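Below is one structure, written out as structure tokens, with a few remarks after it.
The values are calculated or read from the model by the stated rules, or taken from the named source; none is laboratory data. None of these values were measured; they are calculated from a predicted model. We place every Cβ from the backbone using ideal geometry, glycine too, and count neighbours over all the protein chains shown.
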Ligand code: FPP
């Protein structure tokens, strides 16, 4: 800890965990928890500008989440479509630029079209950069990036001797985003679960016990305040 607080995090990434448990504790189906989770997404997005957060990246669906029951997967996909439909205009009008990361190939074509449209209609915004990870996995992202990079090498457009970490980063889904300063995971689990593996090399991590549907803007503000008291060294020794 250092005496003078650093600035708040500019880029916050969140693993929104605990929807299922939250619902089950109330004797409700898991999808009920996901719907409550979606309402929290709205609240946290709205809180960002006042808290100085310029980039928010949220883990909505992982490459591993396909292993859930068909009912839960299709319920989540419907929820994503409805979310885009109901929030698009407000996101645009509030100056939020929305991007999606992850592999779109396995996603429903209608959903992909809606994602593309939302990206296009918010492309001129700069108040908050909201990135939604959908069918996203960190290893899958690095593999896809490597594939694209290898194609450039094979085509003679890239010298393999000149490939370094910065080169590879240019091929990642997140190429236009800064690395996250802080990664938050809710629900008490202390795992990364394949989220932003490359990008979080120097991120701070905060694991909070609250289940995602209970994670309010006040909780969020408290976690960010805690970040301000941390000392970040990036491998160096501060004098
Ligand atoms: C993890 O909780 C949550 C998910 C896999 C889905 C995240 C989705 C939302 C918060 C819904 C809305 C998102 C958007 C972008 C509109 P879990 O089901 O793994 O919870 P559990 O660990 O208690 O089972």
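The table below lists the values:
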{"read-out": "Residue in region 32-54 that is crowded, with 21+ Cβ neighbours inside 10 Å and at positive phi present", "value": "no"}
{"read-out": "Residue tally, condition more than 22 Å from residue 68 (Cβ to Cβ) and within 18 Å of the chain's Cα centre (by Cα), over region 96-122", "value": "8"}
{"read-out": "Cβ pairs under 8 Å, 6+ apart, first in region 157-185 and surrounded by 14 or more Cβ atoms within 10 Å (Cβ to Cβ), second at pLDDT below 95 and outside any loop (DSSP other than H, G, I, E, B)", "value": "181/227; 182/227"}
{"read-out": "Region 103-155: number of residues that are under 24 Å from residue 166 (Cα atoms) and assigned to a loop (DSSP other than H, G, I, E, B)", "value": "3"}
{"read-out": "Region 210-233, residues that are in a helix (DSSP H, G or I), more than 17 Å from the chain's Cα centre (by Cα) and more than 16 Å from the ligand (Cβ to nearest atom)", "value": "218, 221, 222, 225, 226, 227"}
{"read-out": "Residue list for region 138-151, restricted to those being surrounded by 14 or more Cβ atoms within 10 Å (Cβ to Cβ) and free of Cβ contacts under 8 Å to residues at least 12 places away in the same chain", "value": "150"}
{"read-out": "Scope region 55-72; condition exposed (fewer than 14 other Cβ atoms within 10 Å of the Cβ) and within 12 Å of the ligand (Cβ to nearest atom); matching residues", "value": "64, 66, 67, 69"}
{"read-out": "Among (1) more than 11 Å from the ligand (Cβ to nearest atom); (2) closer than 22 Å to residue 179 by Cβ; (3) modelled with pLDDT of 95 or more - the single one residue 2 does not satisfy", "value": "(3)"}
{"read-out": "Neighbours by Cβ (under 7 Å, 6+ apart or cross-chain): first from region 31-44, over 12 Å from residue 79 (Cα atoms); second near the ligand (Cβ under 8 Å from one of its atoms) and not in a helix (DSSP H, G or I)", "value": "41/58"}
{"read-out": "Some residue of region 201-208 being touching a helix residue (DSSP H, G or I) at 6+ places or on another chain (Cβ under 8 Å), farther than 23 Å from residue 101 by Cα, without any contact (Cβ under 8 Å) to a residue 60 or more places away in the chain and within 16 Å of the ligand (Cβ to nearest atom)", "value": "yes"}
{"read-out": "Strands (runs of 3 or more DSSP E) (entirely within region 1-101) containing at least 2 residues that are more than 26 Å from residue 190 (Cα to Cα)", "value": "96-101"}
{"read-out": "Selection count where residues are within 16 Å of the ligand (Cβ to nearest atom), touching a helix residue (DSSP H, G or I) at 6+ places or on another chain (Cβ under 6 Å) and more than 23 Å from residue 50 (Cα to Cα), scope region 112-143", "value": "4"}
